[in-house]
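No value in this document is a laboratory result; all are computed from the given coordinates. Predicted model, so just to flag it, every value in this text is computed and none were measured. Reconstructed Cβ throughout: ideal geometry from the backbone, glycine too, with neighbour counts over all protein chains shown.
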Amino acid sequence: MSARQTVKDAFIAPMTVAFAPPRHLKTAEQTAAALTQYAEALDRFTRAELEAGWPKVRDSHAYRTWPSIAECVAACADVRQMRRPERAAPRRAAGAPRPAAADILSPASLREVLGWIDANNRRLNEGVPLKPLDRVIGRCADTLIARHERALRRTGRAR
């Protein structure tokens, strides 16, 4: 089965049953051309992504006419993003303790904490005394980094 036929079966057929064509499509040729545009835009997705994307569009679309091509592509892209293998939990070694989700920092959070630590270290090196709150935050940042590194070692993703 071709990719276009898969798109028609998994997405376009239920869409044309659930919603009316837009009013500006006056002839059968115009309707066929519009459906070809949908098929071209959606043929990059697998059957499973299309079948999971269609209910998302159906349930969120508020108008009587077909959803926009962009809306359909966005729903299928969301499904693809959620199913990506790298989003799956990393495998742990047998018997290794399970790290708490909060112990592994996102890359942005890690950069933020490391940047804060670097800024405080520069101030200390310049002889600027730290305020009491800075000391508390510094200990928290050190604890976060230590937990992050331990969690990475436990999951086998250590640097």
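Quick look at the numbers
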| item | result |
| --- | --- |
| Cross-chain or 6+ apart pairs with Cβ under 8 Å, region 47-60 first and touching a residue at least 24 places away in the same chain (Cβ under 8 Å), then among the polar types (S, T, N, Q) and assigned to a helix (DSSP H, G or I) | ARG47/THR6; LEU50/THR6 |
| Residues of region 1-24 that turn out to be of a type in the set (S, T, N, Q) and touching a Gly at 6+ places or on another chain (Cβ under 8 Å), as a count | 0 |
| Residues of region 1-33 classified as surrounded by 12 or more Cβ atoms within 10 Å (Cβ to Cβ) and in contact with a Ser or Thr (Cβ under 7 Å, 6 or more places away or on another chain), total | 4 |
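Here's the yes/no breakdown for (1) closer than 23 Å to LEU25 by Cα; (2) more than 15 Å from the chain's Cα centre (by Cα):
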site	(1), (2)
PHE45	no, yes
GLU49	no, no
TRP54	yes, yes
ASP59	no, yes
THR65	yes, yes
VAL73	yes, no
ARG80	no, no
